[in-house]
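First the structure, in the form of structure tokens, and then the observations on it.
What follows is calculated from the coordinates using simple rules that are stated; it is not laboratory data. In this text, all values refer to a predicted model and were calculated from it rather than measured experimentally. Note: ideal-geometry Cβ built from the backbone for every residue, glycine included; neighbour counts use all protein chains shown.
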Amino acid sequence: MENHTNQSHAIPKWSPLLFEAVTKPGLIMKAYSAFHHYSVGNQILALVQCQMRDLQPGPINTFPKWKDLGRFVKRGERALTLCMPITCKRREEDSDEEHTFTSFVYKARWFVLGQTDGQELGPVTIPEWEADRALSALSIERVPFDHTDGNVQGFARKRQVAINPLAQLPYKTLFHEMAHVILHTAEGAFADDETTPRSLCEVEAESVALLCCESLGLDGAEFCRGYIQNWISRGSGSNAEAIPEKSAQKIFRAADQIIRAGRSEIDPVTV
Ligand SMILES: [Zn+2]
């Protein structure tokens, strides 16, 4: 998110957006049901802009895409800004080798349904999500739970996760452990019991679980929310920058990976 081309708009930060999602129950689910084709971060970004401008959340498309769908953008409507990845090439000075890398830019290119008019749209269906499909797409193996401490809800080791068959919130625990695999297990193993230290890694994993549980309507979001709010208020006082920007980026990315990996349809390319 270093590269910004759209100077006329304020550059959104992910940390305050995550703070919004954590502190306003229902926001994540609303964002997911309106914008599920887009990345989790962009869903929240779009919803917050709709709220600020009093627009009804709904399908969003670019100007040409609306035209393909038989609709047109109404006069005077201002586009919403989303973040899009771009592939850049860099040639090293002393060699012929070319490196490609991904950078992010913010572009004001999208319009929500309510900003357009024309042909009726067909019904919107939200694709189903399955845990086994997500695990296999992410090359994460679910192994039997062999921890002797019954307080442990689950653990992650390299690319393996195990969930206590008696876990109180099995989906929440699964998302939490998957997040550790995506973000942390290169650094060691994680066993999660009720007394796990409130380190930043835990807040990252729990935030991923919150985004996944609430988006998909699975039990556990309230528990995650309580945990994260508690952590935020113990830290620097309750404020929107309490979760570092870098962590917020990691959290949105990991939640997005988990949700996309488990869905029944291959997503069209969206940002
Ligand atoms: Zn953990």
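Using θ = phi - 60° in the Karplus curve 6.51 cos²θ - 1.76 cosθ + 1.60, the 3J(HN,Hα) couplings for region 218-223 round to 9, 4, x, 4, 5, 5 Hz; x is entered for Gly and Pro. Taking other residues whose beta carbon is less than 14 angstrom from the beta carbon of residue 72, and scoring Lys, Arg as +1 and Asp, Glu as -1, yields +1. Classified by the C-alpha gyration tensor, the chain has a prolate form. Its axis ratio a/c, with a ≥ b ≥ c, is 1.5 or above, and a/b is larger than b/c. For residue 117, neighbours were defined as the other residues whose beta-carbon sits under 13 Å from its Cβ, and their charges (Lys and Arg +1, Asp and Glu -1) total +2. In a GNM of the chain with a 10 Å cut-off on Cα contacts, which of 49, 119, 257 has the highest mean-square fluctuation? Highest fluctuation among the options: 119. Computed from point charges on the beta carbon alone (+1 for Lys and Arg, -1 for Asp and Glu), the dipole magnitude for region 68-206 about its Cα centre is near 740 Debye. Across the chain, where is the longest run that never hits trypsin sites (Lys or Arg not before Pro) in a DSSP loop with at most 16 other C-beta atoms within 10 Å? With trypsin sites (Lys or Arg not before Pro) excluded where exposed in loops, the chain gives 79-157 as its longest stretch. Residue 137 sits among other residues whose Cβ lies under 11 Å from its own Cβ, and their net charge, with Lys and Arg +1 and Asp and Glu -1, is +1.
The Cα atoms of region 71-157 give a gyration tensor whose axes a ≥ b ≥ c have a/c of 1.5 or more with a/b no greater than b/c, which makes the shape oblate. Considering only 40, 143, 203, the Gaussian network model of the chain with Cα springs below 10 Å gives its largest mean-square fluctuation to 143. Amide H to amide H distances under 5 Å link residue 13 with no residue, where only residues 5 or more positions off or on other chains count and H is placed in the peptide plane. Remark: the chain carries a charge dipole of roughly 1020 debye about the Cα centre, counting +1 on each Lys and Arg Cβ and -1 on each Asp and Glu Cβ. Overall, region 11-152 carries a charge dipole of about 1040 debye about its Cα centre when +1 sits on the Cβ of Lys and Arg and -1 on the Cβ of Asp and Glu, all other atoms neutral.
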